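The values are calculated or read from the model by the stated rules, or taken from the named source; none is laboratory data. Given the structure is predicted, the values throughout are model-derived calculations rather than measurements. Cβ: placed from backbone, ideal geometry, glycine included. Neighbour counts: every protein chain shown. Note: accessible area is taken over every heavy atom of the protein model, side chains too, but ligands, DNA and RNA are not part of it. Shrake-Rupley method; radii C 1.70, N 1.55, O 1.52, S 1.80 Å.
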Amino acid sequence: MNTRFYPYIILVLFVMVFGGFSSKAKAQDNRFKVITFNVLSFEQEDKWGERNSFDVTPYSDFLKDENADFIILNEVENRSSRQMRDGKYIDKVQEIADKLGMFAIYGYSYNLNNKQGQNPEENYTYCMNELYGNAILSRYPIIASRTMQLPRPAGSSDQRGAVVAEVALPSGDIIAVVATHFDHTGGQQEQAEALIAFLNDTKVPALLAGDLNVHPGASPIELIGTKFDQMGNYWVDYIFASKGGWNKISEKFVDAGKLSDHDPVIVEVELKK
């Protein structure tokens, strides 16, 4: 073979091999694993069948092997008096985020001192303790967030809410991750309507997940389906992605045992480019 062609052959092989690696890496950059899990205030059962330890370690150990990019947590009691350790309030959300090496944002829905709604929730806006709501854990930096309180119509039991985190991806793209939790006795339709209206001005691709307390095919799910594609579901827990913007790669659920009365839903999705 004429040696003058060797440099060109090597260049072609370099482009084919490393160009292929680059394309694969780029595709992987757009794939994300998402988990939604109602953690029942970290009230896992101890060996006597009682729910009283509030230790987040079994939860972080349970979730760690999944190596998720985003984890949505519902029914998150945070900095409450019954979770105190050595007389100090504990930020349970930051605890589990630290154990998983993730960023975290917490969106409180109501103050535990106002569970019955006897006072305007605005009275508790700046309270640091006795909180109940939702959390988002992210592998990537959270650059902005906002929260809302959902409607609490007659027939519902608790004040519910939603939290939105804007996340900066390694690719430079920005996406929104939304955690929400609808009421378990009523008001889910009104809550779905308010949530969709709240998210109408979201200009970036979005992931929406949480315990919606209604079964597939229910009216609130149909309404959400006008703006979002369903990526995963088990029982009343769902993961959605903004309509037409994502591909679903895989879906599963994992038995949480005694950690909760819910099992986490886990999906892998790909952001369309």
task: Give the shape of region 77-184 as rounded, prolate or oblate, defined through the alpha-carbon gyration tensor: a ≥ b ≥ c are the square roots of its eigenvalues, a/c under 1.5 means rounded, and otherwise the shape is prolate if a/b is larger than b/c and oblate if not.
output: oblate
task: May I ask you to derive the relative contact order of the chain, considering only C-alpha pairs under 8 Å and at least 6 residues apart, and to give it as an integer percent?
output: 18
message: Within region 198-218, name every residue whose backbone N is under 16 Å away from a label modeled 7 Å from Cα of F103 along the Cβ vector.
response: 204-207
Gyration tensor (alpha-carbon) shape descriptor, region 176-218, a/c threshold 1.5: prolate
task: Give me the aspartates and glutamates in straight-line cross-link reach of K243: C-alpha distance below 18 Å, same-chain residues under 8 apart excluded.
output: E166, D173, E193, D201, E222, D229, E251, E268, E270
query: Using a 1.4 Å probe, what is the accessible area per residue for the chain, in Å²?
result: 48
field: Contour excess over end-to-end distance, with Cα ends at H215 and I143 and 0.36 nm allotted per residue
entry: 22.6 nm
statement: Relative contact order as a percentage, region 119-242, C-alpha pairs under 8 Å and 6+ apart, gives 19
field: Chain lengthening between S157 and D29 when straightened (0.36 nm per residue, less Cα-Cα)
entry: 41.9 nm
task: List the chymotrypsin sites (Phe, Trp or Tyr not before Pro) within region 55-103 that fall in a DSSP loop (any state other than H, G, I, E or B) and whose Cβ has at most 16 other Cβ atoms within 10 Å.
output: Y89
field: Full-extension gain in nm, K273 to Y89, via 0.36 nm per residue minus C-alpha separation
entry: 61.8 nm
field: Accessible area of the chain belonging to carbon and sulfur atoms, whole % at 1.4 Å probe
entry: 53
query: By per-residue mean of other Cβ atoms within 10 Å, what is the highest-first order of 146-157, 208-219?
result: 208-219, 146-157
Highest average packing first - 198-204, 236-242, Cβ atoms within 10 Å: 236-242, 198-204
query: Tell me, what is the FRET efficiency for T226 and D61 to the nearest 0.05, using R0 = 30 angstrom and their Cβ-Cβ distance as r?
result: 0.20
query: From a point 7 Å beyond the Cα of T202 in the direction of its Cβ, which residues of region 65-96 have a backbone N at a distance under 17 Å?
result: 69-74
field: 19 Å Cα-Cα threshold exceeded, pairs from K64/K99; K33/K248; K227/K272; K92/K252; K227/K252
entry: K92/K252; K227/K252
query: Taking the Cα centre of the chain as origin and charging only Cβ (+1 Lys, Arg; -1 Asp, Glu), how large is the dipole, in debye to the nearest 20?
result: 1120
